[in-house]
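The values are calculated or read from the model by the stated rules, or taken from the named source; none is laboratory data. Here the structure is a predicted model, which is why all the values come from computation and not from measurement. Methodologically, a virtual Cβ is constructed for each residue, glycine included, from the backbone with ideal geometry; neighbour enumeration extends over all protein chains shown. SASA here: full protein model, heavy atoms, side chains in, ligands and nucleic acids out. Shrake-Rupley method; radii C 1.70, N 1.55, O 1.52, S 1.80 Å.
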Amino acid sequence: MNGVELFLLGRTLMKIGEAAMPEPEGGSTRYGGSTRAVLIVASDLSGHPGSAVGEIAARTGLPQSQVSTAVARLKEAGAVVTAPDPADRRRLLVRQAPHLSARVAEVRSSTIEDALGTALDAPTPEQLKEVTDALDVLARHLAPHSPARLSP
């Protein structure tokens, strides 16, 4: 596998992950912004609590408007809370909510089987197991919060 193939595989995996996400109440057209941006912002906040929107944008490479939209969606879902920055009351600092909201619990409990079934075009149970086992191995070694990724 070369870098291009790996990149394209990563895009496919992102699309499968997005397809596995349960629709928010009111449907996806109710909200602006993409699921991808929301997940990127939520992931960034898990490692950088108390960040301003501009700081999140700088770290993630997302435009500030997309970060603001993602924060608004996360706030409405009960996943994050905001508070004025004590050093500059015009800025809001964002952090994960202290309690798991119903929407966050729903998203975290979603599974990938249906999305994989669509991506693999009617796979056999053996093929589904092989792919999910391979994804488990990759997640164990490459996930953002895996022990290997936390070391300097």
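The residues of the range 56-106 that are assigned to a helix (DSSP H, G or I) and of a type in the set (A, V, I, L, M), listed by number, are 56, 57, 58, 67, 70, 71, 72, 74, 102, 104, 105. Comparison of 49, 84 shows that the only residue that is touching a strand residue (DSSP E or B) at 6+ places or on another chain (Cβ under 8 Å), open to solvent by 70 Å² or more (accessible area, probe 1.4 Å) and within 24 Å of residue 101 (Cβ to Cβ) is 49.
Of the residues in the range 80-115, how many are among the basic types (Lys, Arg) and either closer than 24 Å to residue 15 by Cα or touching a residue at least 12 places away in the same chain (Cβ under 8 Å) (or both)?
Counting residues in the range 80-115 that are among the basic types (Lys, Arg) and either closer than 24 Å to residue 15 by Cα or touching a residue at least 12 places away in the same chain (Cβ under 8 Å) (or both) gives 4.
Within the range 87-114, the set of residues being closer than 15 Å to residue 52 by Cβ and open to solvent by less than 80 Å² (accessible area, probe 1.4 Å) comprises 88, 93, 94. Residue 77 passes every criterion in (1) over 16 Å from residue 95 (Cα atoms); (2) touching a residue at least 40 places away in the same chain (Cβ under 8 Å); (3) open to solvent by less than 40 Å² (accessible area, probe 1.4 Å) apart from (1). Taking into account only those residues within the range 55-69 that are without any contact (Cβ under 8 Å) to a residue 24 or more places away in the chain and of a type outside the set (A, V, I, L, M, F, W, C), which is surrounded by the fewest Cβ atoms within 10 Å (Cβ to Cβ)? For the range 55-69, the residue satisfying everything is 61. Just so you know, in the range 107-127 the residues that are in a helix (DSSP H, G or I) and among the aliphatic types (A, V, I, L, M) include one that is modelled with the lowest pLDDT, and it is 107.
Is it the case that some residue within the range 25-36 is surrounded by 15 or more Cβ atoms within 10 Å (Cβ to Cβ) and over 27 Å from residue 131 (Cα atoms)? Working first, answer last.
Just the residues of the range 25-36 that are surrounded by 15 or more Cβ atoms within 10 Å (Cβ to Cβ), to begin with: 31, 33-36.
Within this subset, residues satisfying the condition of being over 27 Å from residue 131 (Cα atoms) are 31, 33.
Looking through the range 25-36, at least one residue is surrounded by 15 or more Cβ atoms within 10 Å (Cβ to Cβ) and over 27 Å from residue 131 (Cα atoms).
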